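Worksheet: the structure to be examined is printed underneath.
The values are calculated or read from the model by the stated rules, or taken from the named source; none is laboratory data. Note that this is a predicted model, so its numbers are computed, not measured. Every residue, glycine as well, gets a Cβ built from its backbone with ideal geometry; the counts of neighbours run over all protein chains shown. Side chains are part of the model used for accessible areas, which takes the heavy atoms of the whole protein and leaves out ligands, DNA and RNA. Shrake-Rupley method; radii C 1.70, N 1.55, O 1.52, S 1.80 Å.
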Amino acid sequence: MEMVDLIKTKRDGHRLADGQIKWFIQRFAAGEIPDEQAAALTMAIYFRGMEPDELNVWTQAMIDSGDTLDLSGVGRPTVDKHSTGGVGDKVSLILVPLVAACGAAVPQLSGRGLGHTGGTLDKLEAIAGWKAEMTASAMVSQLREVGGIIAGASADIAPADRRMYSLRDVTSTVDSIPLIASSIMSKKIAEGTDALVLDVKYGAGAFLREIDKAREAAETMVRIGNDHGVRTAALLTNMDTVLGRAAGNAVEVQESIDVLEGGGPADLLEVTLALADEMLQLAGLDADPAEVLASGRAREVFDQMIAAQGGDLSVDLPQAAHRSTVDATESGYITRLDALSVGIAAWRLGAGRTRKEDPVSAVAGVICLRKPGQRVSAGEPLLELRTDDPERFTDARAALAEAVAVGPEPRSNSPLVADIIR
Ligand code: URA
């Protein structure tokens, strides 16, 4: 087989043969395909797309490039959630213990943040002693005994994707729906879950800004999941503004604990409960997540999950040494609080990383003291910036220069959950 033939086939808009796909992914994962040829193929896919059955073969080949987890010994129905990423998206920290407390096992393998959206592992690492790394057998025991894990995905899960993602990143082929869908779904299917709910975000702070693009990605992923025997559904959720009030690491852990204790912001609770309902339906469990949350059982499972991975919640979460506010320049109603700007500000304060190997600050972040729809008076604080390094305030403030709009009338907020795709 010759790589140029595959490139030409796709360049001319034809379907790749199953054998060609398997041949390519296997060799690419082994480092045997020159990057320029792999890049040409991904660019051809970017422009020409893939047919549904072609994409299934591609996704399966990515799964087959590495290990898959066997969760058959867990003894509970397994169901996971994947979010395409948003600002202030700390939903997993609440949802995993909540759905586990409802009787499911939630095997969430997660990643670290890059750019303006935070990573779940970075957030949990703000807890003293908590470790993301787990062996496969420790995962199965914890799922059986506690019901939930949030852990780092091992390098052996879909290694072809790791390599391909790096290549897409430097060849401007990240935002291709078949490549996004196969990348996400290969990792989630390899994780061994029976069911999966996708939280596909759209709007200013989302990776896919247009709802039509987000819908197309959601439909593609739902189809791939179901075709691979993983019961899959997707929620399309709005990411024009920050989810909840906190964007950062320790600050998001604190907000998640607030929700687990019966408080926290209403928007965060709404998205979490909508995802929990869908997960429980797919898992075939008849439980009311709002009731379980109110009972305190989700909080107990959270404590067990954290302790099982070495975390010590008796140690206070770290606090930033410096705080500064951004104040309202006029009176009225907040009509816009741009998620992307807040995400970039949190990142510049130290909460996120630019390169994969950069460390993150546990304490840095932004707290939204007011949210869209609320009334403010000129001079009132709108945002609180937190960091250990006060030199970062200037750049963070610059990111927020156009973040907030105030008008004379309240504007109705878009619905948080725009649609459910099953
Ligand atoms: N997240 C992934 O895991 N892969 C993509 O291609 C895009 C987002």
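Condition (residue is in a loop (DSSP other than H, G, I, E, B), closer than 30 Å to Ser137 by Cα, open to solvent by 10 Å² or more (accessible area, probe 1.4 Å) and not basic (Lys, Arg)) applied to segment 216-228: is it met by at least one residue?
Within segment 216-228, one or more residues are in a loop (DSSP other than H, G, I, E, B), closer than 30 Å to Ser137 by Cα, open to solvent by 10 Å² or more (accessible area, probe 1.4 Å) and not basic (Lys, Arg).
Does segment 257-283 hold any residues that are touching a Pro at 6+ places or on another chain (Cβ under 9 Å) and open to solvent by 70 Å² or more (accessible area, probe 1.4 Å), and which are they?
Asp277 - this is the single residue of segment 257-283 that is touching a Pro at 6+ places or on another chain (Cβ under 9 Å) and open to solvent by 70 Å² or more (accessible area, probe 1.4 Å).
Looking at segment 162-197, which of the residues that are in contact with a helix residue (DSSP H, G or I) (Cβ under 8 Å, 6 or more places away or on another chain) and of a type in the set (Val, Ile, Thr) is nearest to Asp227 (Cα to Cα)?
Filtering segment 162-197 for residues that are in contact with a helix residue (DSSP H, G or I) (Cβ under 8 Å, 6 or more places away or on another chain) and of a type in the set (Val, Ile, Thr), the one nearest to Asp227 (Cα to Cα) comes out as Ile189.
Which one is modelled with the lowest pLDDT among residues in segment 162-179 that are open to solvent by less than 10 Å² (accessible area, probe 1.4 Å) and within 9 Å of the ligand (Cβ to nearest atom)?
Looking at residues that are open to solvent by less than 10 Å² (accessible area, probe 1.4 Å) and within 9 Å of the ligand (Cβ to nearest atom), I get Arg168.
Which one of these does Lys187 not meet: (1) open to solvent by 10 Å² or more (accessible area, probe 1.4 Å); (2) closer than 27 Å to Ala276 by Cβ; (3) more than 10 Å from the ligand (Cβ to nearest atom); (4) modelled with pLDDT of 95 or more?
(3)
Would you check if Asp286 is part of a helix (DSSP H, G or I) and open to solvent by 20 Å² or more (accessible area, probe 1.4 Å)? Talk me through it step by step, then tell me what you get.
Numbers: part of a helix (DSSP H, G or I): no; open to solvent by 20 Å² or more (accessible area, probe 1.4 Å): yes.
Considered against the rule, which asks whether it is part of a helix (DSSP H, G or I) and open to solvent by 20 Å² or more (accessible area, probe 1.4 Å), Asp286 comes out as no.
Restricting to segment 146-161, what's the tally of residues that are open to solvent by 30 Å² or more (accessible area, probe 1.4 Å), in contact with a helix residue (DSSP H, G or I) (Cβ under 8 Å, 6 or more places away or on another chain) and of a type in the set (Asp, Glu)?
Total satisfying the criteria: 0.
State the number of residues belonging to segment 344-369 that are under 23 Å from Glu380 (Cβ atoms) and either among the hydroxyl-bearing types (Ser, Thr, Tyr) or in contact with a Gly (Cβ under 6 Å, 6 or more places away or on another chain) (or both).
Result for segment 344-369: 2.
Could you tell me which numbered condition Thr325 fails, if it satisfies all but one of (1) of a type in the set (Val, Ile, Thr); (2) within 19 Å of Val251 (Cβ to Cβ); (3) open to solvent by less than 20 Å² (accessible area, probe 1.4 Å)?
Single failed check for Thr325: (3).
Consider Trp23 carefully, then state whether it is in a helix (DSSP H, G or I), open to solvent by less than 10 Å² (accessible area, probe 1.4 Å) and at pLDDT 95 or above.
Numbers: in a helix (DSSP H, G or I): yes; open to solvent by less than 10 Å² (accessible area, probe 1.4 Å): no; at pLDDT 95 or above: yes.
Here the answer is no, as Trp23 does not meet what is asked.
Does Asp35 qualify as being surrounded by fewer than 20 Cβ atoms within 10 Å (Cβ to Cβ) and either assigned by TED's automatic domain parsing to the domain that holds Thr171 or touching a helix residue (DSSP H, G or I) at 6+ places or on another chain (Cβ under 7 Å) (or both)?
Details: surrounded by fewer than 20 Cβ atoms within 10 Å (Cβ to Cβ): yes; either assigned by TED's automatic domain parsing to the domain that holds Thr171 or touching a helix residue (DSSP H, G or I) at 6+ places or on another chain (Cβ under 7 Å) (or both): yes.
Against the criterion (surrounded by fewer than 20 Cβ atoms within 10 Å (Cβ to Cβ) and either assigned by TED's automatic domain parsing to the domain that holds Thr171 or touching a helix residue (DSSP H, G or I) at 6+ places or on another chain (Cβ under 7 Å) (or both)), Asp35 qualifies.
Filter segment 334-377 down to the residues that are open to solvent by 60 Å² or more (accessible area, probe 1.4 Å) and not hydroxyl-bearing (Ser, Thr, Tyr) and list them by number.
Of everything in segment 334-377, those that are open to solvent by 60 Å² or more (accessible area, probe 1.4 Å) and not hydroxyl-bearing (Ser, Thr, Tyr) turn out to be Arg336, Trp347, Arg348, Arg355, Lys356, Glu357, Pro359, Arg370, Gln374, Arg375.
Among the numbered conditions (1) surrounded by 24 or more Cβ atoms within 10 Å (Cβ to Cβ); (2) out of contact with any helix residue (DSSP H, G or I) (no Cβ under 9 Å at 6 or more places or on another chain); (3) not hydrophobic (A, V, I, L, M, F, W, C), tell me where Glu125 comes up short.
Answer for Glu125: the failing condition is (1).
The conditions are (1) within 16 Å of the ligand (Cβ to nearest atom); (2) touching a residue at least 60 places away in the same chain (Cβ under 8 Å); (3) crowded, with 22+ Cβ neighbours inside 10 Å, and Phe207 fails exactly one of them. Which is it?
Checking Phe207 against (1) within 16 Å of the ligand (Cβ to nearest atom); (2) touching a residue at least 60 places away in the same chain (Cβ under 8 Å); (3) crowded, with 22+ Cβ neighbours inside 10 Å, the one that fails is (3).
List the number of the failed condition for Asp316; all other conditions in (1) in a loop (DSSP other than H, G, I, E, B); (2) open to solvent by 70 Å² or more (accessible area, probe 1.4 Å); (3) in contact with a helix residue (DSSP H, G or I) (Cβ under 8 Å, 6 or more places away or on another chain) hold.
If we test Asp316 against (1) in a loop (DSSP other than H, G, I, E, B); (2) open to solvent by 70 Å² or more (accessible area, probe 1.4 Å); (3) in contact with a helix residue (DSSP H, G or I) (Cβ under 8 Å, 6 or more places away or on another chain), just (3) comes out false.
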